Amino acid sequence: MINENTIPPGMDPEIYSEIYTYIQAMINLYGIIHREKVVEIINMQNDYQIGLDDLKMIEEDERTRNIETYIGIKDEYFVSASIMVLEKFDKVM
């Protein structure tokens, strides 16, 4: 469930939800991904364009705290649950 307060002002809720799903897919595939790379991939594959500011609200999204929809955040990276739980962030960098 999307908390309307976490959607960046002026952004379509469906696009925000799609961005969240993109990030989940990327961390499932790569384990860890830099925010700038997320923006680059999303902008390459869609008609709409996003910026780094559009990703800031992900931290406030209540889905980041649910294990099934978890997105870890460390510095400028989105991180998978397994890397966060095992505290392997520094090793994969």
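The values are calculated or read from the model by the stated rules, or taken from the named source; none is laboratory data. For clarity, every value in this text was computed on a predicted model and none was experimentally measured. Note that we place each Cβ from the backbone using ideal geometry, even for glycine, and neighbour counts take in every protein chain shown. Calculation scope for accessible area: heavy atoms of the full protein, side chains included, ligands and nucleic acids excluded. Shrake-Rupley method; radii C 1.70, N 1.55, O 1.52, S 1.80 Å.
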Practice task
Keeping every protein chain in place, order SER80, SER17 by accessible area at 1.4 Å, biggest value first, i.e. largest first.
Solution key: SER17, SER80
Exercise for the section: Inverting the mean 1/r over all pairs of different Cα atoms, compute the Kirkwood radius of the chain and quote it in Å. Expected result: 13.4 Å
Completion exercise
Length gained, GLU76-GLU62, 0.36 nm per residue minus C-alpha separation, equals 3.1 nm
Practice task
Run the quick spin-label model on LYS37 and LEU86: label points 7 Å from Cα toward the beta carbon, then report their separation in nm to one decimal.
Solution key: 1.7 nm
Problem - For the range 1-82, accessible area per residue (1.4 Å probe, heavy atoms of protein chains only), Å² - result: 59 Å²
Exercise for the section: Would you work out which of TYR70, ALA81, LEU52 lies farthest towards the positive end of the dipole of the chain, given +1 charges on the beta-carbon of Lys and Arg and -1 on that of Asp and Glu, about the Cα centre? Expected result: ALA81
Completion exercise
Summing -39500 (n - 2.57) over every DSSP H run of at least 4 residues in the chain and dividing by its residue count gives a helix-only mean residue ellipticity at 222 nm, to the nearest 500 deg cm²/dmol, of -12000 deg cm²/dmol
Exercise for the section: Using only Cα atoms, find the angle between the long axis of helix 35-45 and the longest principal axis of the chain, and express it within 0 to 90 degrees, rounded to the nearest 10. Expected result: 50 degrees
Completion exercise
In degrees, nearest 10, the alpha-carbon axis of helix 13-30 is tilted away from the dominant principal axis of the alpha carbons of the chain by 20 degrees
